[in-house]
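In what follows, a single structure is set out as structure tokens and then discussed.
The values are calculated or read from the model by the stated rules, or taken from the named source; none is laboratory data. Model, not experiment: these values are computed from the prediction. Note that each Cβ is placed from the backbone with ideal geometry, even for glycine, and that neighbours are counted across all protein chains shown.
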Amino acid sequence: MLPGNGYGNFTRPTIRGHNTMHAHRPIDPVKKHRHPSQTPATHWLEQHGIPYSCHTYDYREHGGARHAAEQLGIDLRIVAKTLVMEDERAKPLIIVMRGDREVSVKHLARQIGAKKITPCVPATAERHSGYFVGGTSPFGTRKTMPVWVEASLLESECIYINGGKRGLLISLSPQALTASLGAQSVEASIA
């Protein structure tokens, strides 16, 4: 006779619903009680002991930082957008910019010592970061990239930045960008 149920399917013995074959392994509480907002970014922050809070909103295509700020009732100046760009050698980089400003690629290139900076097309940005455009976070990216942050964001006590998926912002100290990611300060914004 075949082991298990007689049809070749081996059923593992259980004790009160627990598989005894793996009873010696501790249950990972993060996996068992995974927060609905768990993303590679929030996982990365937890691994590095960086405190943050999650804030969800109704995502709207092309709504951007302004829509998120309106939905959450927060000042647009402390909402940060994460943009993936490339230099003249197609090397990717991240720029974290205030929600009420745009990036001057000329100023950025000059300050970081590049000849030219261009925004990545969505497919390229997604390939570099591992996130969908509209949900890009500087934390937990697929590739390690240099991170640059608009200097005025670092003056805030708290910023709201994408948490790794569309419709999710996380609030944290902007010092998390410089301390954990090695982000460097730049002044590359235009109104």
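Observations
- Any hit, the range 118-125, residues being aliphatic (A, V, I, L, M), closer than 23 Å to Ser185 by Cα and within 14 Å of the chain's Cα centre (by Cα): yes
- Of the residues examined, Lys115 is not one that is basic (Lys, Arg), closer than 22 Å to Thr42 by Cβ and not in a helix (DSSP H, G or I).
- Cβ-Cβ distances below 7 Å connect the following pairs, each with a first residue in the range 77-93 that is assigned to a strand (DSSP E or B), a second residue that is of a type in the set (D, E, K, R) and buried (at least 21 other Cβ atoms within 10 Å of the Cβ), and a separation of six or more residues or different chains: Ala80/Arg98.
- Scan of the range 120-139 for residues that are part of a loop (DSSP other than H, G, I, E, B), surrounded by fewer than 21 Cβ atoms within 10 Å (Cβ to Cβ) and not aromatic (Phe, Trp, Tyr), ordered by number: Cys120, Val121, Gly130, Val133, Gly134, Gly135
- Condition met for Ser189 (surrounded by 14 or more Cβ atoms within 10 Å (Cβ to Cβ), in contact (Cβ under 8 Å) with a residue 12 or more places away in the chain, within 23 Å of Gly63 (Cα to Cα) and of a type in the set (Gly, Ala, Ser)): yes
- Filtering Ile117, Ile94 for residues that are at pLDDT 95 or above and either surrounded by fewer than 19 Cβ atoms within 10 Å (Cβ to Cβ) or within 21 Å of Ile50 (Cα to Cα) (or both) leaves a single hit, Ile94.
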